[in-house]
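Visitor: Encoded as structure tokens, here's the structure I'll be asking about.
The values are calculated or read from the model by the stated rules, or taken from the named source; none is laboratory data. Because the structure is predicted, anything quoted here is derived from the model rather than measured. Positions of Cβ are backbone-derived with ideal geometry, glycine not excepted, and every protein chain shown enters the neighbour counts.
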Amino acid sequence: MLRKLILTALLVLAGTSAGMAATPAVATANVNLRAGPSTSYPAVTQVPAGTRITTYGCVSGYSWCDIGFGPYRGWVAASYIQVIYHGAPVVLTAPVAPAVGVVVVPFGRAYWDTYYRAYPWYGRWGAYPPYAPPPPHVTSGYRGVTCANGTCTGARGATGYYGASTDQVRTCSDGSCTATRNSTGRYGGTATRSCGVGQGCDATRSFNR
């Protein structure tokens, strides 16, 4: 049924969207249409599951997309949008979007002024945070292996956007290995695991509180 709706939308919009950067799609669930690309923006209306929509573009990273639904215009998370890709309905993702013609579009005061002047929260533009791409989960990292005199040590680590970090070291010699992991942050701690040939493994752990 969902695929049939999408194919119907393709036929309908083919004759009405000529020259426009618009991609027919379907909402995969009941989802709020918001005035900006974040749940912090007010809801314009709700888009019912299975409803035909038009996707005009997405923010960088394709996490939120600018769509049209009946007389409404607003933003929906890309995970609730389904398009036709290689003849089959798929959820809109960053790899799929360019292939089906979904472009990157900006969001700013001009968009707000164009579509939301009639809404009671129009004058509160400054009350909502400006859109910014989500920060990377990891800001730096390293990985390496060194071997000498029959012993090899592998080390890797990473630092997160908010300062938490993890360091892991694994040392193997004569068939026995010891691995230690240290992590900082709310859910961090220390874990050690030692395994010997024919001796099984011993593990110890402690956690930050």
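Visitor: Please determine, by comparing only the residues of segment 172-182 that are under 11 Å from Thr192 (Cβ atoms) and of a type outside the set (Lys, Arg), which one is farthest from the chain's Cα centre (by Cα).
Guide: Going residue by residue through segment 172-182, those that are under 11 Å from Thr192 (Cβ atoms) are 178-182.
Right, trim to of a type outside the set (Lys, Arg) and you get 178-180, 182.
Values: Thr178: 36, Ala179: 32, Thr180: 31, Asn182: 27 Å.
So, considering only residues that are under 11 Å from Thr192 (Cβ atoms) and of a type outside the set (Lys, Arg), the one farthest from the chain's Cα centre (by Cα) is Thr178.
Visitor: Moving to a separate point now. Mind checking which residues of segment 97-111 are aromatic (Phe, Trp, Tyr) and either touching a Ser or Thr at 6+ places or on another chain (Cβ under 9 Å) or under 10 Å from Tyr62 (Cα atoms) (or both)? Let's see the steps before the verdict.
Guide: Step one: of segment 97-111, the residues aromatic (Phe, Trp, Tyr) are 107, 111.
Within segment 97-111, none qualify.
Visitor: Applying the selection to segment 50-105, what residues are of a type in the set (Phe, Trp, Tyr) and within 20 Å of the chain's Cα centre (by Cα)? Even if it seems obvious, please write down each step before you answer.
Guide: Filtering segment 50-105 for residues of a type in the set (Phe, Trp, Tyr) gives 56, 62, 64, 69, 72, 75, 80, 85.
Selection gives Tyr56, Tyr62, Trp64, Trp75, Tyr80, Tyr85.
Visitor: If you check Ala22 against the conditions, is it at pLDDT 95 or above and of a type in the set (A, V, I, L, M, F, W, C)? Give the steps one after another, and end with the answer.
Guide: Details: at pLDDT 95 or above: no; of a type in the set (A, V, I, L, M, F, W, C): yes.
So Ala22 fails the test.
Visitor: Hey, Ala94 hits all of (1) more than 29 Å from Ala127 (Cα to Cα); (2) at pLDDT 95 or above but one; which does it fall short on?
Guide: Here Ala94 clears every test but (2).
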